[in-house]
1. Where does the protein assembly as shown land at 222 nm, in deg cm²/dmol rounded to the nearest 500, when only DSSP H runs of n ≥ 4 count, each adding -39500 (n - 2.57), divided by all residues?
2. Run through the other copies and list how far each one's label point is from that of B:Leu317, in nm with one decimal, shortest first; the point sits 7 Å from Cα along Cα-Cβ.
3. How far apart are the B:Ser329 label points across copies, placing each 7 Å from Cα toward Cβ, in nm, shortest first?
4. At what distance in angstrom do the alpha carbon centres of the stretch A:445-501 and the stretch B:309-351 lie from each other?
5. Using 7 Å Cα-to-Cβ label points, what is the B:Asp169/B:Ala193 separation (nm, one decimal)?
6. Work out the P(r) tail for the stretch B:71-201: percent of alpha carbon pairs separated by more than 27 Å, whole number.
7. Any idea what the relative contact order of chain B is, in percent, if you count C-alpha pairs under 8 Å spaced at least 6 apart?
8. Contact order normalised by length for the stretch A:366-474, with contacts defined as Cα pairs under 8 Å and 6 or more residues apart; what percent is it?
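Coordinate-derived values only; no laboratory data. Values in this document were obtained by computation on a predicted structure and should not be read as measured data. Positions of Cβ are generated from backbone atoms using ideal geometry, with glycine treated the same way; all protein chains shown enter the neighbour counts.
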2 protein chains.
Amino acid sequence: MTATAYSQLEDRFRRASLVGDAAGFLGWDAQVLMPEGSAQSRAEISAALQLVTHEALTAPEVADLLEAAGEDSSLDAWQTANLREMRRRWVHKTAVDARLVEAMARAESACEMAWRAARPASDFKAVLPLTEELLRLSMEAGEAKAAALDVSVYDALLDQFEPGGRSADIDLLFDDLAGFLPDLTQQVLDHQASNPPLPLDGPFAVDRQRDLGVRLMEVLGFDFTRGRLDVSLHPFCGGTPDDLRITTRYDTDDFTSALMGVLHETGHALYEKQLPEDWRHQPIGSARGMAVHESQSLLMEMQACRSSEFLDFAAPLMRETFAAGSDTSGPAWRAENLTRIYTRVARSLIRVDADEVTYPAHVILRYRLERAMIGGDLRLADLPGAWREGMDELLGVTPPDDRLGCLQDIHWYSGAWGYFPTYTLGALAAAQIFDAATRAEPDILPGIARGDFTPLLGWLATHIHGRGSFLSTGDLIEEATGAPLGAEVFRAHLERRYLAK
Amino acid sequence: MTATAYSQLEDRFRRASLVGDAAGFLGWDAQVLMPEGSAQSRAEISAALQLVTHEALTAPEVADLLEAAGEDSSLDAWQTANLREMRRRWVHKTAVDARLVEAMARAESACEMAWRAARPASDFKAVLPLTEELLRLSMEAGEAKAAALDVSVYDALLDQFEPGGRSADIDLLFDDLAGFLPDLTQQVLDHQASNPPLPLDGPFAVDRQRDLGVRLMEVLGFDFTRGRLDVSLHPFCGGTPDDLRITTRYDTDDFTSALMGVLHETGHALYEKQLPEDWRHQPIGSARGMAVHESQSLLMEMQACRSSEFLDFAAPLMRETFAAGSDTSGPAWRAENLTRIYTRVARSLIRVDADEVTYPAHVILRYRLERAMIGGDLRLADLPGAWREGMDELLGVTPPDDRLGCLQDIHWYSGAWGYFPTYTLGALAAAQIFDAATRAEPDILPGIARGDFTPLLGWLATHIHGRGSFLSTGDLIEEATGAPLGAEVFRAHLERRYLAK
């Protein structure tokens, strides 16, 4: 018996996924513990693995197999959806030729390296030529993909991170947010002005911070027999569903930020952990896209772990953890004050430090600017000025230099054009999904309050995680929550958390 | 211009080498830090990488390319030698079909797992059926390779680890050793009986041991911007020439064993580091074989670092390192006593703990037994008895159980039949190479005495490391030392170190 076209495709994508996992672990290693002098030789290994998967998925016979499998009437619904996802990946892979792939890899690497030097020096001009070159190549790839997908260049780039994502939909959502957030932000600031949180006095030893992080990760459902927590300069969640690798970085003056970062990454990890095991290493068994991924980290961080229910549960553990080094008996360590710390709002310059009320403004700015640059309406050379104007308009603050302005994020300088909107799509989805979950399963909030996340994880496994990429992002959210993705539930969440009382 | 057959082969072997490096880092990760529950999913990733390289090197067009390149008269000496090494690897890869490769991988994994349980229980019978199956499959592979290489089955297995190694040569060397070592051992024991070393009183904190290891690794020439020192259950040297990963394990009651283990692995690492950089990722740019590799670790450990020159240099560093936790001012911490500790000889049961005088007997026993089993002269079921008899004959001690006998080493239970002789070939080569080096370069021993290994490393770079796999093992040793590999220099070294004074 010969293998069907479909099963041959499954074999091929499975192999590519396994090789991709190897590349993922090497990436984790490079961020966490690789010696500094080994970067160049590591880049060659990673490039070879990338080439192996690229060639496996773009070989001429893949087109024939996709066509033959498309005529196979014996496929069930999941196999059919898997074939759809295979085709989507194949379109992205084959749209750009090997020459362009290689030129982009080189340009990304050179530009990112230049950015690492330019950012601390606040020297935008130093990185401008390499960024222009990278933008040109990204647009060339975007144009090729746009033709293959029959969408705009921006949407083709967005589609790489958020399959099926379209700027027409994002415009509606972001205009809605941009309409109510400035007033809401001012109301929250007025509301909080009279009641600032009490500071927590450190220092907070790194090993204690780690112990607390591990303990709370386990509360959320992280399995340390199939995962690790380590340190890296830029926190991330890597690895595979069977070997999840979370990183953080510790600040001995403030444990609250690293701790919440760990719980954020745990949200990413739990999504990966609960992906459909029967479809491991198949496209349909993968996470749906970056918006849904971010929704799962933000659901854990913003919806679950910054709630008063969770902080009531966690406060005694925090006091106990740091009692040896600090006086944790005072009012600053009560759950009420810890909740105030974890829901503090401020107009700030740096996206990654922003609270959930002002965060969307940072993203909307970047989304508007990258669309303008890709659409030819804004020259890259004029980015610093446009950034300052946009910050003033959206947030009412302006950066004193480009380090705190348009040089702060790595994305554009590493070729990730079209990525930014997924952060705020994720925030909206997180609010909407958590709201649906807590309405459908009444024990979720009481569970969180007693440190039992199984009701929440069970609901997410059924309605989000276990569905993998079976549905589109839009259908997934609509089926799980009963409504298309919108900004209303997010708005209601902000008003309830930040303006009530 | 189309690429020549030879350059196409270079591309193909380069890619296979890079993918193999990825597999190597995953292997390091699995030994050092992978969560226990991730072993199964990691095995799938490793198998996929192995399949990628196997297919790349056994594709039908490789045979055509090898033939065409063989007729290319424009190749220089190194390219010609590289082609020879490519062909050698291709013969090994293509001799066994995919079915057998997969069956062996499964049998190795199952047998090794059973051995891990059987060893502490001293239960040879429990692992016997799986070992018989693995031996049968290994012999099937050996027979296929024997036909392709036109050698005996044992030599075909040996050739996997020691290219060009032949048992007829080993028999001569090992018979020589077996002839003089029993008497020599007794003489050394008599000589040392009246002068036992003073014990060093611990405990020795792990972080201090690590500091000392790092300091001495740097003295030997290890570059920590391109390498690391970590902890694993079984010490090894992994990674690549640009990112060398050494591991050890610490015993707080005794620092001397882990420290010398670290210097042993450093010898392996320095060989890799100094391989010819222009031939990175080509067969000829790789280490020559396991005998030469072991010669380089033993050259550093046994010849250089157990010498009184090195221990005179290292003794003050040892005293300084452990002064905070121990009284290091007494006679036990003098270089003379440390040298006595590091040159202590004893008849013992465990190979990995053996001194350099008795070590060859352990290896000769295993060599004779595996040849007998592969030749059909010894049934695997009769191994425990044959082991006890052999130990009595060669070393004058017999194990009380199989845990301390034929179950002590992983090799046979993981499919590494034909590996053992390389340890003692390496010991002979280490003595012969170090002797030649110190005669040719008079500053080597004074350098070691002042903690400067550059004279030694320079000589090794020129005569051993930098030659990669350009020459056969035999020619490499003969060109470097002026004589074929023999036991005489090793014997003279033992007599000088252990019987003089």
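1. That comes out to -21000 deg cm²/dmol.
2. 4.5
3. 4.5
4. Here the two parts' Cα centres lie 64 Å apart.
5. 4.0 nm
6. 52 percent
7. Across chain B, relative contact order equals 19 percent.
8. Computed value for the stretch A:366-474: 15 percent relative contact order.
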